[in-house]
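The structure appears right after this line, and notes come after that.
Nothing in this text is a laboratory measurement; each read-out follows from the coordinates by a stated rule. Remember, it's a predicted structure, so these values are computed and weren't measured experimentally. Positions of Cβ are generated from backbone atoms using ideal geometry, with glycine treated the same way; all protein chains shown enter the neighbour counts.
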Amino acid sequence: MRLIVHLTVLCLGLLLAGCGSVIDADQARICRDIVPALYDDDVVIDEVSLAPVPGADALRLTYRARLGSRAVPHWVICSFAGQTGAARATLTALDTDRGPLSDVKLYIIKRWWLTAAPSRAPPAAWLSLSKRQAYWLQQAINGTTLAGIYGLVATGFALVHGLLGRINLAFGEIAVAGGVYLLIAVGLESLAGRLGPGTLGLAVAIGILFAMSISWLVGRQVVVPLATSTTSPQTVLIGTVAVAIVLAEAARITAPDRLNWLPPLLNIPVPLAGETGFVATVTAAQMLAAGMSLTGASTVLGLMEFTRFGRAWRAHADDPLMAALLGVRVPALRDGTFLIAGAAAGLAGAVSVIAYGTVQPGEGLAITLKALISAIIGGIGSVPGAFLGAVIVAGVEIVWSASFDIVYRDLVIYALLVAFLVLRPGGLLNNAAPRPREI
């Protein structure tokens with residue numbers, strides 16, 4: 001029962017993290033570019049707010065038109081043909097506080113003004129930093145999303161390996177499947193109207209629930225039977241590789257028949273720090289992705305540390321036979337482990353979609369390898385170690401990509417794995433772990 005409660009809290013946390021206006025970046029740009037066309041060149045436009053119109057594919061822009069010392073408040077409502085595809089960038093109507101624009105004026109604005117709209121000066125940064133400092137701040141912001149994705153998938157490796165001593169190589173593709181189902185849910189929701197915080201949060205929850213279902217099914221039908229039927233770990237590796245291939249091919253075959261890109265929601269850059277020449281920026285999508293990762297990591301760590309499930313998991317990981325003799329229900333514990341691991345992987349897929357707009361078939365292999373390296377560096381079987389290893393792997397990726405030839409980035413990551421396997425095979429937080437040849 002506590003497991004269900006904690007998973008419910010996770011989903012509610014994701015919904016809370018998505019609170020706020022959900023705005024298509026392209027639609028916002030179009031609506032902002034239109035307003036100067038309504039005034040003379042010497043009028044300065046000061047934006048007050050930009051928000052979606054409930055129940056319509058439209059944005060309401062509130063602003064002040066300033067001429068000298070006199071500023072007058074106004075508003076416009078920009079209506080679009082749809083929420084997805086080319087329709088989302090097709091302006092269909094423009095209403096103002098002085099009345100709607102005629103079709104002729106709207107056509108003139110679309111045909112001649114929007115195609116050559118004057119560039120707007122970017123807003124000033126909040127903090128003043130040198131270009132070098134701002135550059136590294138930007139790299140740290142970019143690395144946060146990677147660390148979240150790797151850490152959440154690495155958690156799945158840690159949970160399953162800590163319980164069964166086996167590695168499920170399908171977790172990367174399960175994460176991709178979670179992202180795919182999120183996009184499917186977004187496509188269905190967009191048919192019913194404009195996406196909002198609630199509908200986006202529901203799509204995230206749907207992606208996570210489908211990933212949990214896949215993880216549970218793979219665990220019960222593939223991992224557990226193979227792990228209990230033989231002492232060799234290779235059978236589980238081969239079986240889960242086969243599952244990963246099936247999931248990747250299913251995503252590739254069905255790609256032409258569904259929505260594969262999240263509309264550019266929450267992607268308006270906010271300048272954080274810097275100076276002329278380079279300014280570090282962050283988008284609401286990046287902040288939401290980071291918040292989702294932090295929520296997921298905190299929930300899993302709290303679940304393992306403070307709940308009966310976590311105590312049972314640790315007892316079974318230390319001594320399975322004694323844990324069973326003391327009343328731990330092993331089948332239920334295994335089911336719960338695969339469900340939580342699937343939820344973490346599904347959340348990783350959702351984070352990827354929110355931050356980057358999509359997940360592609362075949363990306364699961366790269367995610368699997370980087371997450372597995374993270375789990376090994378942190379200490380395979382250690383949940384905190386999985387997140388620590390993810391921070392290290394993402395940090396090395398970002399630093400190398402920012403400073404050296406990106407071609408050698410993955411080579412450095414794999415060299416780091418070799419170094420840990422040779423010098424510290426138990427990882428950073430798992431000194432008692434068996435050596436790699438014994439896993």
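A few remarks follow.
- The shape of the chain comes out prolate: with a ≥ b ≥ c from the C-alpha gyration tensor, a/c is at least 1.5 and a/b beats b/c.
- FRET efficiency, 1/(1 + (r/R0)^6) with R0 30 Å, evaluated for ALA366 and ASP335 via beta carbons: 0.55
- Using the Cβ-Cβ distance between GLU305 and VAL104 with R0 set to 56 Å, the FRET efficiency from 1/(1 + (r/R0)^6) comes to roughly 0.25.
- Within the listed set LYS131, LYS105, LYS370, the residue fluctuating most in the Gaussian network model of the chain (springs between alpha-carbon atoms under 10 angstrom) is LYS105.
- The residue list ALA124, THR90, THR295 was ranked by how far each Cα lies along the charge dipole of the chain toward its positive end, using unit charges on Cβ atoms, and THR295 comes out on top.
- Cβ crowding within 10 Å ranks ASP46, ASP410, ASP24 as ASP46, ASP410, ASP24, fewest other Cβ atoms first.
- Inter-site label distance for LYS131 and TRP113 at 7 Å from Cα along Cβ, in nm: 3.6 nm
- Principal-axis tilt of helix 330-356 within the chain, Cα atoms, nearest 10 degrees: 30 degrees
- Whether segment 125-274 is rounded, prolate or oblate, judged on the alpha carbon gyration tensor where a/c under 1.5 counts as rounded: oblate
- 0 to 90° range, to nearest 10: angle between helix 363-378 axis and the chain longest Cα axis: 60 degrees
- Label-point separation in nm, SER232 to VAL53, each point 7 Å along Cα→Cβ: 6.7 nm
- Taking segment 20-55 and a reference point 7 angstrom along Cα→Cβ of ALA71, the backbone N atoms nearer than 12 Å belong to 44-49.
- Check: the chain dipole with +1 on Lys, Arg Cβ and -1 on Asp, Glu Cβ, in debye: 580 debye
- Three-way shape call for segment 25-116 based on the alpha-carbon gyration tensor, with the a/c threshold at 1.5: prolate
- Here the label points at ASP41 and SER298, each 7 Å from Cα along the C-beta direction, are separated by 5.2 nm in the simple model.
- Residue-count net charge about GLU47 - beta-carbon cut-off 9 Å; Lys, Arg +1, Asp, Glu -1: +1
- Rounded to the nearest 500, the 222 nm mean residue ellipticity of the chain from helices alone is -19500 deg cm²/dmol, with -39,500 (n - 2.57) taken per DSSP H run of at least 4 residues.
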